[in-house]
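Some notes on the structure that comes next.
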Amino acid sequence: MTTQDHNPYDIVKGLIKESVTTLGLNENVYQVLKKPMRMLEVSLPVRMDDGTIQNFTGYRSQHIDILGPTKGGIRFHPKVNVDEVKALSIWMSLKAAILDIPFGGGKGGVIVDPEKLSVRELETLSRTYIRKITPIIGPQKDIPAPDVNTSPEVMGWMIDEFDQLRGYNIPGMITGKPVIIGGSLGRLEATGRGVVLTIREAARVLEMDLSKSTAALQGFGNVGSMTAKFLHELGVKVVAITDAKGGIYNEEGIDIPALLEFVKDGKNYASKFSDAESITNEKMFSLPVDILIPAAIENQVTKENAPNIQAKILAEAANGPTTPEGDKILEEKGIFVIPDILCNAGGVTVSYFEWVQNTMNYYWKEEEVNKKLEEHMLFGFDKVLDMKKDKQCRMRDAAYMVGINHLVKAMEARGWIKDTEMEKHNNDMK
Ligand SMILES: NC(=O)C1=CN([C@@H]2O[C@H](COP(=O)(O)OP(=O)(O)OC[C@H]3O[C@@H](n4cnc5c(N)ncnc54)[C@H](O)[C@@H]3O)[C@@H](O)[C@H]2O)C=CC1
Ligand SMILES: O=C(O)CCC(=O)C(=O)O
C-alpha cells in the first residue's frame, strides 16, 4: 500500500463532511473547513556537491487561522504531494482544536529523498526552503516544526536562515529546535509521550493491565522510538518493530534501551538491530499483541491487513495511517482506535509550550512541561471519549466532532457563521 492509493485530502474532507452532518451543522461550515486558506508551492534550486543544480519542489499549506497562527511540521519525503500536505494541515487544525491550543493548522513538505543528499546538500535545501516560504511564516503567522525526516538539527539551520534574513533572533518562528537556541525541554519526547498517555487512558477504559500487555510498532523514528521508550517504562513488552528497511521481532520483548542506544546517532535503522529475528510489515500487523502502533506514514492499515489485526488498541501515532476501508474493518472487529488527531497531539502541544516560552523568554523545567502535556492530553482524551459516548460513535468521528465544534465556536465569534446557520446545532447542544 502506498500513499498514492488513498488520497488523504479526500479522506479528511469526507470525515469532516460526515461530522458536520452528524453535528447538525450547516453545510457552510464544511465549505469553510474543506480547503486550506493558503497553499504555497516553491521551487528550490540547490547546487549539488557535483556542481549540478537540482530543482526540488516544496509546499506550505495553511489551513485556518481563526484560533491563532497556523502551526505544523515540515516533511522531507519522496512521496510528498499537494494533497498530502493539505490533508496534514487540516489534521493540524483539528488536533490543536481538540486540545484547546490557540493555533490553526499548517504543514510543509519537500519532495526529496534526504538519504540521497550529503549533509551539505540537506542543509542548503533546508535553508533554501525556509527562504522561499519566509513571506508567509513567522511567530504570529505560521510556525513550522519537525515531521518525517526533519530533526532539531534541520530546525536549527532553518531558524538560523530566518534570523539572518530578518537581522535579529526570532526564536518563536519555529519549534522543535535544539534546546540551546530556545527549544523546549521535552519536545523531542513529546509526541511519543503523548501517544503513550492516550494508550494508558484507553487501557483504563478497556480495563487492561499494561504491565501484562504486549505491543508492536511500525516506525522507529522520533515518534516510534519515544513511544517504545515510554511503553517500556510502563512495563509493556514491545515484541516487534518495523521501519522503512525491514523489521525485528522478539517474543520475549525487544531490549528497548539497547535498541535506543543502537539508533542514537540517527544513522542506524532499528531493523538492523541484530539482537532479534527479522519480520515483515505484514507479519507485524497480524501479531497477537494487545497494542498496535503505526508510527510511520499514511495508508498502512488497509482492507488487506486489517482483517488480521488482533490488537485490542490501535494507537495512531502517525498521521493518517488508516484507510477508510481499514477503518471500517477495525470498527467491525471492535478494536479501540485512538485517532491520529488525538493520539499524536503531544508534539504540537509541547511545540505550543516552546512558542510560549520563546515569547516570554523564560524557560520551564522538563517536569513542568511534562505535567502540562499530561493535563492537555487527558483533557483532549476525555472530551473525545465523552463525545463518543454521547453520539454512540467511533473515537475517530468523536475526535472530528470535538475539533469541528471548537472551530465552529471561533467562526461564530468572528461572525463567519450566522445565528440562523447555528440554530439547529445550538438546540442540539443544549
Ligand atoms: N515528529 C513529530 O513530532 C510528529 C510526527 N507525527 C507523525 O508521526 C509519524 C512519524 O514521524 P516521525 O517519527 O517524526 O518521522 P521520522 O522520520 O523520525 O521516522 C519515520 C519512521 O517511519 C519509518 N518508515 C517510513 N516509511 C515506512 C514504511 N513504508 N514502512 C515502515 N516504516 C516506515 C522510517 O524508517 C522511520 O523509522 C508521521 O506520520 C508524522 O507525521 C505526528 C505528530 C508529531
Ligand atoms: O510540533 C508541531 O508544531 C507540529 C507537529 C506535527 O507536525 C504534527 O502534529 O503532525
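The values are calculated or read from the model by the stated rules, or taken from the named source; none is laboratory data. Computed from a predicted model, the values in this text were never measured in an experiment. Ligands, DNA and RNA are stripped out before the accessible areas are found, and what is left, the full protein with its side chains, is counted by its heavy atoms. Shrake-Rupley method; radii C 1.70, N 1.55, O 1.52, S 1.80 Å.
Details
- Counted over all Cα-Cα pairs of the stretch 236-288, pairs farther apart than 14 Å make up 46 percent.
- A cut-off of 5 Å between modelled amide H atoms, ignoring neighbours fewer than 5 places along the same chain, links A295 with Q218, G219, A318.
- Size estimate for the stretch 189-343 follows the Kirkwood approach: the inverse of mean 1/r over distinct Cα pairs works out to 15.0 Å.
- Cα pair distances of the stretch 1-63 binned at 10 Å [whole percent]: 18, 29, 27, 16, 8, 3
- 14 Å tail of the calculated P(r), the stretch 84-145, as % of Cα pairs: 65 percent
- For the stretch 174-179, the Karplus equation 6.51 cos²θ - 1.76 cosθ + 1.60, evaluated at θ = phi - 60°, returns couplings of 8, 10, x, 7, x, 4 Hz by residue, with Gly and Pro reported as x.
- All Cα pairs of the stretch 36-183, percent lying beyond 18 Å: 53 percent
- In Å², nearest 10: area of T280 left accessible to a 1.4 Å probe: 80 Å²
- In the stretch 189-343, the DSSP beta bridges split such that about 30 percent are antiparallel, to the nearest 5.
- The calculated 222 nm mean residue ellipticity attributable to helices in the chain amounts to -14500 deg cm²/dmol, summing -39500 (n - 2.57) over DSSP H runs of n ≥ 4 and dividing by all residues.
- If you model the chain as an ellipsoid using its alpha carbon gyration tensor, with each semi-axis the square root of five times an eigenvalue, the axes come out at 30, 29, 20 Å, biggest first.
- Sequence-distant residues sharing a close amide H with H6 (under 5 Å, placed H): none
- Within the chain, percent of DSSP bridges classed antiparallel, to nearest 5: 45 percent
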